[in-house]
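Working notes, structure below.
The values are calculated or read from the model by the stated rules, or taken from the named source; none is laboratory data. Every value quoted in this text rests on a predicted model; they were computed, and no experiment measured them. Every residue, glycine among them, receives a Cβ derived from its backbone with ideal geometry; neighbour counts consider all protein chains shown.
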Amino acid sequence: MENTTKRRVAFILIDGIADVCLPCLNYKTPLQVANTPNLDAIALSGINGLMDPVEAGLACGSDTAHLSILGYDPRTYYRGRGAFESMGAGLAMSPGDIAFKSNFATLDVKTGVVISRRADRHFEEEGPILCSALDGMKLPSFPEYEVRVRYATEHRCGVVVKGPKLSGNISGTDPLKDNRLLMKAEALDDTEEAKNTAAVVNELSKEISKILVAHPLNAKRAAEGKNIANVVLLRGCGIRIEVPAFEKKHGLSPCMVAPTKIIAGLGLSLGIDILDAPGATGDYRTLLTSKATAIAKALSAPLQPSPSIFVPGENEHKPGQAQGYDFGFLHIKAIDDAGHDKASILKVRALEAVDRAIGQLTKLLWQAEQSGKFQYYVCVTGDHSTPVEYGDHSFEPVPFTICQLRDFVSAVGESKVSQVPLEAFPLPPVKAGEDLNDNVELSEEVNNKPKAFSGDSVCQFNEIAAVRGCLGRFPGSEMMGVIKKFLKLKNE
């Protein structure tokens, strides 16, 4: 059986997972406080370590972190995050095109000051309408250029510019903080392409504002006392990267569930198939059960041709691979949002919800493993820390764990795994900017962590416990090597 079973990995990346010890949590991290029996069981059933997504001491973005941990040195391959966001939103890019990760924002037109970099975090209804008004817009001084705009998530959209002599080596228009002047794009080198691109982008910024100011939707928002979206902040100018495909590089056929457009776009850039998961939104309203189900189905192939795999930018679905997938990447964003919103209680409760979804995923995979065709491994980590006290990405390392599914089932108990309910459930209510002095009551289960019985001495999944892991502290560039070695050496 060992020679015929397919070894497959469920890779769960919890965006912004790591944190710092908080006074309001009795000087523990949200991961330490959260009741996460499934994450703890994975840790005690396998091997653990602390990972610096790119390098120690570097506070990185999700895009550079993802490139690094998937085995692509961002110093070599990174070309700006705009292409990832735009491709993930569904905009096709060709060589020579430039793209931006963009925000709908509120500008004081008299002073030129950006009052709010996010016109509205919940912009799901208005965003597509405004993007439709901007898509295909013309630039009076540069008629030879084509502009494509597509809604992404929350307050964000993707913007692609097509035309001659474009360069990704320019600055953006985003001041990066509220109550600062709207920036002008500037060339970052002395080439004619960069200078020309800066001029094109500055006119683009002005023309976008003209269209938005005149749009009736903004008049309606103003009448309702809401922030108007009268400017699009253009940032992260980038071009589509050309890299070896993930499957060619690692020998694993990959798929991804990532409603967050920038991550989906990055996956597409690496040749990773993007799966559709109904109800998965990439924010607090996401249905984690739908994500878990999509990954479980993809990893329990062979897949039949179906419309379940969506290819943004091509406006079509393509059939699943006849032999299925070996590497199922499940991206979870809401934890990062809680860190950015400085919501400590929400981060704890959201982590508990993620743990519950992981329980559902392991049940589905265990059912598939009973066929004798598959041997599953479960890996969990993060892309960076987003401490709630800072409200932004920081440089703390993230915990990493990987185990064989059957060891996890032994730790939890097969009867318990089989009894996990598969009904969908919502994440906790949003409490953005909650009081960091609020206290969290610890349940008895949190204080009664199990003891490790396999791999190393780690029996909890958190930043502090991971220090004792047999993997030690390692850079993200080594992560795929760790996973592949674990798959090959286990049970041989």
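Against the conditions (1) crowded, with 22+ Cβ neighbours inside 10 Å; (2) out of contact with any strand residue (DSSP E or B) (no Cβ under 6 Å at 6 or more places or on another chain), residue 78 satisfies every one except (1).
Residues checked against (1) surrounded by fewer than 23 Cβ atoms within 10 Å (Cβ to Cβ); (2) assigned by TED's automatic domain parsing to the domain that holds residue 284; (3) touching a Cys at 6+ places or on another chain (Cβ under 9 Å):
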{"residue": "146", "(1), (2), (3)": "yes, no, no"}
{"residue": "149", "(1), (2), (3)": "no, no, yes"}
{"residue": "153", "(1), (2), (3)": "yes, no, no"}
{"residue": "160", "(1), (2), (3)": "no, no, no"}
{"residue": "163", "(1), (2), (3)": "yes, no, no"}
{"residue": "176", "(1), (2), (3)": "yes, no, no"}
{"residue": "187", "(1), (2), (3)": "yes, no, no"}
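With the structure loaded, tell me whether residue 402 is at pLDDT 90 or above, within 28 Å of residue 479 (Cα to Cα), in contact with a Cys (Cβ under 9 Å, 6 or more places away or on another chain) and assigned by TED's automatic domain parsing to the domain that holds residue 482 or whether it fails that test. When the stated conditions are applied, residue 402 passes them.
Identify the residue in region 34-52 that is polar (S, T, N, Q) and either modelled with pLDDT under 95 or assigned to a helix (DSSP H, G or I) (or both) and, among all such residues, is surrounded by the fewest Cβ atoms within 10 Å (Cβ to Cβ).
38
Mind checking which residues of region 224-259 are assigned to a loop (DSSP other than H, G, I, E, B) and over 30 Å from residue 182 (Cα atoms)?
242, 243, 244, 245, 251, 252, 253, 258
Considering only residues of region 122-132 that are in contact with a Leu (Cβ under 8 Å, 6 or more places away or on another chain) and at pLDDT 95 or above, which is surrounded by the most Cβ atoms within 10 Å (Cβ to Cβ)?
The residue in question is 130.
What single numbered condition from (1) assigned to a loop (DSSP other than H, G, I, E, B); (2) touching a His at 6+ places or on another chain (Cβ under 8 Å) fails to hold for residue 55? Result: residue 55 fails condition (2) only.
Take the residues in region 95-112 that are surrounded by fewer than 20 Cβ atoms within 10 Å (Cβ to Cβ) and modelled with pLDDT of 90 or more; name whichever of them is farthest from residue 215 (Cα to Cα).
Top of the filtered list is 96.
Taking region 437-472 as the search range and keeping residues that are part of a loop (DSSP other than H, G, I, E, B), out of contact with any strand residue (DSSP E or B) (no Cβ under 7 Å at 6 or more places or on another chain) and aliphatic (A, V, I, L, M), which one is modelled with the highest pLDDT? Ranking the qualifying residues of region 437-472, first place goes to 464.
Within region 73-115, can you find the residues that are under 25 Å from residue 217 (Cα atoms), hydrophobic (A, V, I, L, M, F, W, C) and outside any helix (DSSP H, G or I)? Of everything in region 73-115, those that are under 25 Å from residue 217 (Cα atoms), hydrophobic (A, V, I, L, M, F, W, C) and outside any helix (DSSP H, G or I) turn out to be 91, 100, 104, 105, 107, 109, 113, 114, 115. Per this entry, residue 205 is counted among residues that are surrounded by 13 or more Cβ atoms within 10 Å (Cβ to Cβ), not hydrophobic (A, V, I, L, M, F, W, C) and not in a loop (DSSP other than H, G, I, E, B). For region 281-304, filtering for residues that are assigned to a loop (DSSP other than H, G, I, E, B) and in contact (Cβ under 8 Å) with a residue 60 or more places away in the chain leaves 8. Starting from region 373-385, take each residue that is assigned to a loop (DSSP other than H, G, I, E, B) and list its partners that are acidic (Asp, Glu), counting only C-beta distances under 7 angstrom and pairs at least six apart or across chains. Within 7 Å, the pairs are 382/15; 383/15. One residue alone among 144, 124, 154 is outside any strand (DSSP E or B) and within 23 Å of residue 179 (Cβ to Cβ), and that residue is 154.
I'd like the full set of residues that are over 26 Å from residue 357 (Cβ atoms) and either without any contact (Cβ under 8 Å) to a residue 12 or more places away in the chain or not polar (S, T, N, Q) (or both), limited to region 37-70.
52, 54, 55, 56, 57, 58, 59, listed by residue number.
Looking only at residues in region 133-144 that are in contact (Cβ under 8 Å) with a residue 24 or more places away in the chain and under 19 Å from residue 101 (Cβ atoms), the one that is surrounded by the fewest Cβ atoms within 10 Å (Cβ to Cβ) is 137. The set of residues in region 154-204 that are within 27 Å of the chain's Cα centre (by Cα) and among the hydroxyl-bearing types (Ser, Thr, Tyr) comprises 167, 171, 173.
To keep it simple, each residue is scored yes or no on (1) β-branched (Val, Ile, Thr); (2) surrounded by fewer than 22 Cβ atoms within 10 Å (Cβ to Cβ); (3) in contact (Cβ under 8 Å) with a residue 12 or more places away in the chain; (4) farther than 13 Å from residue 420 by Cα.
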residue: 325; (1), (2), (3), (4): no, no, yes, yes
residue: 328; (1), (2), (3), (4): no, no, yes, yes
residue: 331; (1), (2), (3), (4): no, no, yes, yes
residue: 334; (1), (2), (3), (4): no, no, yes, yes
residue: 339; (1), (2), (3), (4): no, no, yes, yes
residue: 346; (1), (2), (3), (4): no, no, yes, yes
residue: 349; (1), (2), (3), (4): no, yes, yes, yes
residue: 362; (1), (2), (3), (4): yes, no, yes, no
residue: 368; (1), (2), (3), (4): no, yes, yes, yes
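If we scan region 109-129, do we find a residue that is under 16 Å from the mean Cα position of the chain (by Cα) and of a type outside the set (Lys, Arg)? No, region 109-129 contains no residue that is under 16 Å from the mean Cα position of the chain (by Cα) and of a type outside the set (Lys, Arg). Just so you know, in region 208-234 the residues that are basic (Lys, Arg) and surrounded by fewer than 18 Cβ atoms within 10 Å (Cβ to Cβ) include one that is nearest to residue 131 (Cα to Cα), and it is 210.
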